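The structure under discussion appears below in the form of structure tokens.
Derivation of every value follows stated rules applied to the coordinates shown; laboratory data play no part. Predicted model, so just to flag it, every value in this text is computed and none were measured. Using ideal geometry, Cβ is built from the backbone for each residue, glycine included, and neighbour counts are taken over all protein chains shown.
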Amino acid sequence: MTIRILAFLIITLAIFGACNDPQKDSSVLVLNEEVEALLGQMTLEEKAGQMTNVSLMALAKGDFWMRRDTVELDTAKMNELLLRQHVGSVQNLGTYPFSPDEWRKNIGEVQDVAMKQSRLGIPVLYGIDAVHGANYSAGSTLFPQQLALAATWSPDLAETTGAITSYEIKASGIPWNYSPVLDVCKQPLWGRVFETFGEDTYLTTVMGDAMIKGAQGEDIAQDDKSAVCLKHFLGYGQPDNGKDRSPTYLPERMLRQYHLPPFESAIKNGALTVMINSGSVNGIPSHADYHLITEILKGELGFEGFTISDWEDIMNLVKTHQVAEDEKMAVKISVNAGLDMCMEPYDASFAEYLVELVKEGAVPMSRVDDAVRRILNVKMKLGLFEKPLNDPSLYPKYGSEEFAEESYKAALECLTLLKNKNESLPLSTKKKILVTGVGANSFNYLNGAWSRTWGGTETDFNDEEKKTVLEAIQDKIGNGNVSYVEGTSYEEDINISKAVLAARSVDQVVVVLGEKPATEKPSDIEDLTMPKAQLDLVKAIAKTGKPIVLVLLEARPRIISEIEPLVESILMAYLPGSEGGRAIADVLFGDFNPCGKLPYTYPRETGSIWAYDHTKADKRDGGFGFEAFNPQFEFGDGLSYTNFKYDNLNLPKDTFLMSEDIPISVEVTNTGKRSGKEVIQLYTADLVASIVPSVKQLRRFEKTKIEPGETKKINFTLREKDLAFVNQANKWITEPGEFEVKIDTFSLKFYLKK
Ligand code: BGC
């Protein structure tokens, strides 16, 4: 902190200390006064620089993208960007993982220039995509990707994931994480489904809140906490054509009902930064949308933090979206729409345009001040002025066994048993097994993209000591009992005939199909069906008559309807992270009783893609026998090695006043022989409403362990607002009338009265 700011802080503290008004939270006031003091000293150029976020590559020597060993920062580039252009934020790496020491060295150099050589000494805010653990730090803990985490239906596991990720990025000197993704995704073609919590608004909200609680704690300045960045505001997860960053056409009432609530809740829970959707909604690119950013986010939701653009997306208003004739106009539109920080990876042209625009009166100074105020406030809340880099000795648990065990627990709990014909699982350890398929011996297929590198495809940076599915199975039953044939690559037949031959001499086949790691544009696909070669592998092996367990390592639900009848059992593993191989083997051999539940609807046909909370009219068959909603597996599905029997769904009465609580209970008995966890899911349906209602909506859930023979009574309470929807005037409303509660196969009706 510079001497000037320190002096100001001491005086301000003294003044507010003297006030001693117990009614006022003086710490907030002091913080704001400090920001105002700093803002008051800043030139327009310094302010525009604060609003600029460049990538580390803009500060590095040589061809950054080619770097696989060391990155050296370039003094001339740092002087230009950090000192002359006053850039206030730097972000990311994805070419190879830095060790925590390398991170601290590089960020330390950046902070030294920004804090020791600049006029005001404002620290740089470093941001990263640590989306499933500190994935760009070598040796860190890699967790299941967010979709897999959603399949655990365990807010506790989401909280732990958030907390350990924070700890490990802070060990790397990074205080700001572009996570969680709160996009609700009902479009399974989209390549970033695996980065979301799935297709349901309520599940996304609960899991998102828990992850944020773990990441931010009570105070983001703590040594093991960081600031989250909610992504991608708003509607990014719903591209009409399924391609990344492509347009969405969605009535505002649906945006509000399905996509806004997770963000609203996260902001109430203290989220201080939000990244804007790269695409457009209803023809308005989100980066140009005043209504979205200023009126809804900052106005209605009362968001006091700052917004950041997505990668180059202000400039994309020119060439991609064609709503601005040049870059300067794009900057004007975006900043006036409420954008506070521009992620322009390669240079600080944004800042230069902004200075000109303010001088010309095209962007008001008050708008710039508002943005800078928000940014400085976050930097102060993070304690960056006092501690731009934390003491490395504070992180003894970095990459520890203890943290790996937490990732392992999450991997175990995400695994979702979708089929188990004749209880063919768990497998016996006494049998000879063939393991085959593109995902069988790949660490990259377990982790997916954003793993050590952006694309996640490079094998050089894999953690040697972690197990693939094949290795974990070998550990379980001995190498002598396991044969392995690759079978296929992602799309090509490598040696299917060899796999068939090998299948003939074993008792059991485990086929691990999967998706090549990819995110963003490289994750676009032309067909949701699992690649033909992979389907062919299963078809060919099925002809041998040997029982097949199908394990799926998928970023989204790839259609498998042709092969589903050919396999005995199916275990959905999503992208379960570094401990996924171990966890899969534990479930296959019965050392862990699976308890994951699908966080999305798994389609059976490419022409029939709709979410669980569709409307009755979606499946109108008009007497022609077209029962269209016939997915492969339903949202919330997931079997266990034990059986759970539901009974006594209870409502104390059949009519409730709007002001009353609605208590609901149900009994669940473990009628099998094994202890197991069950996720009790409570849905409601509005039977008559002024806007066509969904057939059902998830309202509550509880995951609980039930011992064999034990019966547990689960209690839920609903309130009027849980039955609300967004009406034509874009307002939340609960209409009186008849409703239904549904748990498992049971349902009860009740009446809601004014
Ligand atoms: C992605 C974001 C990510 C950002 C920074 C963008 O291309 O859409 O999710 O946070 O890059 O890496």
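Structural remarks
- Mean Cβ neighbour count within 10 Å, used as a protection proxy, ranking 467-478, 684-695 highest first: 467-478, 684-695
- Note that segment 162-221 carries a Kirkwood radius of 12.5 Å, evaluated over its alpha carbons pair by pair.
- Cα-centred dipole magnitude for segment 402-588, charges only on beta-carbon of K, R (+1) and D, E (-1), debye, nearest 20: 880 debye
- From its DSSP helices (H runs of at least four residues, each -39,500 (n - 2.57)), the chain gives a residue-normalised ellipticity at 222 nm of -8000 deg cm²/dmol.
- From least to most packed, judged by other beta carbons within 10 angstrom and beginning with the fewest, Phe403, Phe624 follow the order Phe624, Phe403.
- Close lysine pairs were tallied over segment 433-547: pairs 8 or more places apart or on different chains with Cα atoms under 16 Å apart number 6.
- Seen from Gln187, the other residues with C-beta closer than 11 Å to its C-beta sum to a net charge of 0, counting Lys and Arg as +1 and Asp and Glu as -1.
- Computed on the chain, with alpha-carbon pairs under 8 angstrom and 6+ residues apart, the relative contact order is 13 percent.
- Under 12 Å from Lys231, Cα to Cα: aspartates and glutamates that are on another chain or at least 8 residues apart: Asp129, Asp183, Glu195, Asp310
- Charge dipole of the chain (Cα centre as origin; +1 on each Lys and Arg Cβ, -1 on each Asp and Glu Cβ, all else neutral): 1380 debye, rounded to the nearest 20.
- Highest mean packing first, where packing is the average number of other Cβ atoms within 10 Å per residue, the peptides 236-246, 571-581 line up as 571-581, 236-246.
- Descending principal axes extents, segment 3-388, alpha-carbon based, whole Å: 54, 54, 47
- In the chain, the longest principal axis of the Cα atoms and the axis of helix 201-216 are about 50 degrees apart.
- Mean Cα-pair separation over length for segment 209-304, i.e. relative contact order, pairs under 8 Å, 6 or more apart, %: 31 percent
- Relative to its residue count, the chain spans a Cα convex hull of 172 Å³ per residue.
- Whichever aspartates and glutamates have a C-alpha closer than 16 Å to that of Lys703, once near sequence neighbours (fewer than 8 apart) are set aside: Asp156, Glu159, Glu413, Asp637, Glu667, Glu678, Asp744
- When +1 charges are put on Lys and Arg Cβ atoms and -1 charges on Asp and Glu Cβ atoms, the dipole computed for segment 220-272 relative to its Cα centre reaches about 140 debye.
- Considering only Met57, Val131, Ala502, and ranking their Cα positions along the charge dipole of the chain that arises from unit charges at the beta-carbon of Lys, Arg, Asp and Glu, the one farthest toward the positive end is Ala502.
- Cα-based helix-to-principal-axis angle, 349-360 vs the chain, degrees rounded to 10: 50 degrees
- Remark on Asp310: its backbone amide H falls under 5 Å from those of Ile276, a criterion applied only to residues 5 or more positions apart or on other chains, H modelled at 1.01 Å from N.
- Of the residues Ala583, Ile570, Ser608, the one whose Cα sits farthest toward the positive end of the charge dipole of the chain, with +1 on the Cβ of Lys and Arg and -1 on the Cβ of Asp and Glu, is Ile570.
- Of all DSSP beta bridges confined to segment 3-388, the antiparallel ones make up roughly 10%.
- Listed cross-link partners Lys677/Lys742; Lys619/Lys721; Lys379/Lys409; Lys597/Lys619; Lys243/Lys332; Lys397/Lys645 are compared with a 30 Å cut-off, the Cα-Cα value being larger for Lys379/Lys409; Lys397/Lys645.
- For the chain, share of DSSP beta bridges that run antiparallel, in % to the nearest 5: 50 percent
- Among Thr161, Thr615, Thr248, a tally of other beta-carbon atoms within 10 Å of each Cβ gives an order, fewest to most, of Thr615, Thr248, Thr161.
- Rg/Rh for segment 402-588 stands at 0.94; both radii use Cα atoms, and Rh follows the Kirkwood definition.
- Computed from backbone phi, the HN-Hα couplings of segment 319-324 come to 7, 7, 8, 6, 10, 10 Hz, rounded to whole numbers (Karplus: 6.51 cos²θ - 1.76 cosθ + 1.60, θ = phi - 60°; Gly and Pro given as x).
- With Cα atoms, 0 to 90° folded angle of helix 327-337 axis to the chain main axis: 80 degrees
- Residues whose amide H comes within less than 5 Å of that of Ala60, counting only those at least five positions distant or on another chain, are Asp74 (H built at 1.01 Å from N in the peptide plane).
- Pairs of Cα atoms nearer than 8 Å and 6+ residues apart set the relative contact order; for segment 531-609 it is 29 percent.
- Between the residues Tyr683, Leu651, Asn727, the greatest Cα displacement towards the positive end of the dipole of segment 646-735, with unit charges on the Cβ of Lys, Arg, Asp and Glu, is found for Tyr683.
- Put simply, when 360-369, 561-570 are sorted by average Cβ atoms within 10 angstrom per residue, most first, you get 561-570, 360-369.
- Residue order, fewest to most surrounding Cβ atoms within 10 angstrom, among Trp311, Trp450: Trp311, Trp450
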